[in-house]
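J.: Here you go, one structure.
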Amino acid sequence: MSGSEPDAVARWVSRTLSAGNTLAIGTVALGVVAGLAGGDASAPPGAGLAGQIGAGKPASIVALGLLLLALTPIAQLLAAVAAFARQGERRYAAISAMVLGLLVVGIAAAAIFTHAAGG
């Protein structure tokens, strides 16, 4: 990489992280404010997250914010893979893609084992 290319990758990845965190924190704050304003915090059984958010359930809005926060590292790794690939840095793109793959496999394994354990 030349002198300005690492800065470009760092900026792109940093902006992705900042945007994800800002969106997640804003969503959590919106849910908290809705809850403090007297929104119905209970969630109907069996309703999906989208349905609960549509019904204005503050706890679901907070849950969405936490989900966005959890997805931010995935978006950051996707940005890194794209930035490195765009600059022709195959090695770094491959390393970032492998880390992304490990993260996705870990999340999938956790979901499978949690489901198998009855959770």
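The values are calculated or read from the model by the stated rules, or taken from the named source; none is laboratory data. Here the structure is a predicted model, which means the values were calculated and not measured. Note that we place each Cβ from the backbone using ideal geometry, even for glycine, and neighbour counts take in every protein chain shown.
J.: Out of the range 66-119, which residues are within 26 Å of Ile53 (Cβ to Cβ), under 15 Å from the mean Cα position of the chain (by Cα) and of a type outside the set (A, V, I, L, M, F, W, C)?
T.: Across the range 66-119, the qualifying residues are Thr72, Pro73, Gln76.
J.: Failed condition for Leu23, given (1) surrounded by 13 or more Cβ atoms within 10 Å (Cβ to Cβ); (2) at pLDDT below 90; (3) not small (Gly, Ala, Ser), with all others met?
T.: The one condition Leu23 does not meet is (2).
J.: If you go through the range 47-60 one residue at a time, do you hit one that is modelled with pLDDT of 90 or more, surrounded by 12 or more Cβ atoms within 10 Å (Cβ to Cβ) and part of a helix (DSSP H, G or I)?
T.: The answer is no; no qualifying residue exists.
J.: Let me spell it out: the conditions are (1) in contact (Cβ under 8 Å) with a residue 24 or more places away in the chain; (2) surrounded by 13 or more Cβ atoms within 10 Å (Cβ to Cβ), and Val104 meets all of them except one. Which number is the exception?
T.: Of (1) in contact (Cβ under 8 Å) with a residue 24 or more places away in the chain; (2) surrounded by 13 or more Cβ atoms within 10 Å (Cβ to Cβ), only one is false for Val104: (2).
J.: Turning to a different aspect of this structure: Which ones in the range 61-105 are assigned to a helix (DSSP H, G or I), of a type in the set (Gly, Ala, Ser) and farther than 24 Å from Ser18 by Cβ?
T.: Ala94, Gly101 - these are the residues of the range 61-105 that are assigned to a helix (DSSP H, G or I), of a type in the set (Gly, Ala, Ser) and farther than 24 Å from Ser18 by Cβ.
J.: Output the residue which, of all residues in the range 26-40 that are at pLDDT below 90 and within 21 Å of Ala70 (Cβ to Cβ), is surrounded by the most Cβ atoms within 10 Å (Cβ to Cβ).
T.: Here the answer is Ala34.
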